[in-house]
Amino acid sequence: MSKLGTEKEQGGWPATHPSRSEVLAEVHARPFTAITKPARILHFAFDTSGGRGEAARQALAEFCDAHGLSGPKASERHWRAAVGDAVLRWEPHSEFTTYRWELASTSGSLRPFVPPAANLAEPMRQLPPPGPLLVALDLHIVADDGAIALDQVFQRDSLAVSETNSKQAVVATDFQADSSGFVRILILDRGLGPDSAGALVQRVLELETYRTFALLGLIEAQRLGPSITRIERRLAGLTDEMQRPEGFESNHRLLDDLTALAAELEAGAAASLFRFGASRAYYEIMQARLETIGEHHADGFPTWSSFLSRRMAPAMRTCVTTEERQANLSRKLARAAQLLRTRVDIELQQQNRDLLTSMNERTRLQLRLQRTVEGLSVAAISYYVVGLFGYVVKGAKDAGLPVDPSLATAAFVPVAVLLIWWVVRRIRRRVASGE
């Protein structure tokens, strides 16, 4: 045996990946179960997104305790147990949880959907709903004795009928909710074995469940449509205003409006990102189930594939178109905001340039004023210094010194002016140099 890892478990086997058991169990997560015919199955799917999944598991555990059953383990992705005369199959999914009640079989041929599903749903009423109900299906398997007129059981204008590839069953529904809220699906048995019947039932139930959840994307697209249209129109108005230069304040207001529109659009896109992605995934699973079942036309009615393609494809296209509108509008808003930001930046640069020019002009004026003040200061200080010198020479003459006060004062004037000018200039230079 080759060496698969450096770490060894007890017994010499290599250390296994921590998720290996989950990966191996995934392919067995939702096995087919044999069904004895005729059979009546009630299938429910509840929205358990937003943390309601654990509450659903807890509610099922309490239900099992009340009925003396062993509930699902924390790691189990499906659970099946007999509850009285029925069999309950429970499956948690990423955003919904399903409950499938396989009711007790009755020998012989049965009239379709008799008694009504509402009369048989008492076991489900004992379980507290884990979230909003989205799927309620009433599936009935009866023998095809040739006496059942499908257009009398279902509404003819929305009736879809498919014969499976094996030609052992015909599957029919009108996708309409009856008075009790159940969508009815009829399977006419033409020789299905228990295992084949179980596989067909599970695929049909999954197909209808995923179809319903896929259409949630259409509801989201319809909700977002008016908002996207309003943003598109507002963007057109703002870009028209951008063509008219109205100054910095106006451009700043336009930029604020564009930013608010972009924020609103991105909030809607972020909120719908999961929903649109989930709808695409559900739609692909639905198509895969249809391909697995295989279909042939029966009794002149449209097959499930042809019926759903005419209705589902436009719905999915609406979701794709809404996503494309969001993406295109986001790019347009970004470009418009960038253009407007560039204009605002240019206007700011122009304002800064004008401000600097004004500051330079004020600086020049201040310099001229400073020089004028300096000249006046030199004259004033010189006047006082000369005056003080005059008093000195007059005092010297009174003291008997041979000094002519007028002549000495006159001779001192240029010396005082030059000396004061030199001192003031030296002080100004030292201040300018930052010493």
### Query
Counting only residues that are basic (Lys, Arg) and either in a helix (DSSP H, G or I) or under 13 Å from Lys37 (Cα atoms) (or both), which one in region 179-204 is farthest from the chain's Cα centre (by Cα)?
Arg190
### Message
I need a count of the residues in region 230-256 that are among the polar types (S, T, N, Q) and either at pLDDT 95 or above or not in a helix (DSSP H, G or I) (or both).
### Response
1
### Query
Mind checking which residues of region 395-435 are out of contact with any helix residue (DSSP H, G or I) (no Cβ under 9 Å at 6 or more places or on another chain), of a type in the set (D, E, K, R) and under 22 Å from Ile381 (Cβ atoms)?
Arg426, Arg429, Arg430
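Please pick out the residue among Phe274, Phe213 that is in contact with a Phe, Trp or Tyr (Cβ under 9 Å, 6 or more places away or on another chain) and either free of Cβ contacts under 8 Å to residues at least 12 places away in the same chain or in a helix (DSSP H, G or I) (or both).
Values: Phe274 fails: in contact with a Phe, Trp or Tyr (Cβ under 9 Å, 6 or more places away or on another chain).
After applying the criteria, what remains is Phe213.
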### Query
Within region 1-35, can you find the residues that are at pLDDT below 85, surrounded by 11 or more Cβ atoms within 10 Å (Cβ to Cβ) and of a type in the set (Ser, Thr, Tyr)?
Thr16, Ser21
### Message
Return the pair list, or none, for Cβ contacts closer than 6 Å from residues in region 396-410 that are at negative phi and in the same structural domain as Val385 (by TED's automatic domain parsing) to residues that are of a type outside the set (Ser, Thr, Tyr) and part of a loop (DSSP other than H, G, I, E, B), at least 6 apart or on different chains.
### Response
Ala396/Val403; Lys397/Val403
### Task
State which residue is surrounded by the fewest Cβ atoms within 10 Å (Cβ to Cβ) when the search covers only region 337-364 and only residues that are among the hydrophobic types (A, V, I, L, M, F, W, C) and within 36 Å of the chain's Cα centre (by Cα).
Ile346
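How many residues does region 398-414 contain that are surrounded by 14 or more Cβ atoms within 10 Å (Cβ to Cβ) and not in a loop (DSSP other than H, G, I, E, B)? Give the derivation first.
Just the residues of region 398-414 that are surrounded by 14 or more Cβ atoms within 10 Å (Cβ to Cβ), to begin with: 403, 405, 408-409, 412-413.
Retained after the next criterion (residues that are not in a loop (DSSP other than H, G, I, E, B)): 405, 408-409, 412-413.
The total comes to 5.
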### Query
For region 164-182, which residues satisfy the criterion of being in contact (Cβ under 8 Å) with a residue 24 or more places away in the chain and surrounded by 20 or more Cβ atoms within 10 Å (Cβ to Cβ)?
Thr164, Ala169, Val170, Val171, Ala172, Thr173, Phe182
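Among the listed residues Leu120, Leu137, Leu133, Leu127, which satisfies the condition of being under 18 Å from Leu88 (Cβ atoms), crowded, with 21+ Cβ neighbours inside 10 Å and not acidic (Asp, Glu)?
Working: Leu120 fails: crowded, with 21+ Cβ neighbours inside 10 Å; Leu133 fails: crowded, with 21+ Cβ neighbours inside 10 Å; Leu127 fails: crowded, with 21+ Cβ neighbours inside 10 Å.
After applying the criteria, what remains is Leu137.
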### Message
Against the conditions (1) surrounded by fewer than 19 Cβ atoms within 10 Å (Cβ to Cβ); (2) under 21 Å from Ala66 (Cα atoms); (3) at pLDDT 90 or above, where does Thr97 fall short? Just the number, please.
### Response
(1)
### Task
Could you identify the single residue in Leu367, Leu388 that is hydrophobic (A, V, I, L, M, F, W, C), assigned to a helix (DSSP H, G or I) and modelled with pLDDT of 80 or more?
Leu388
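The values are calculated or read from the model by the stated rules, or taken from the named source; none is laboratory data. Values in this document were obtained by computation on a predicted structure and should not be read as measured data. Note: ideal-geometry Cβ built from the backbone for every residue, glycine included; neighbour counts use all protein chains shown.
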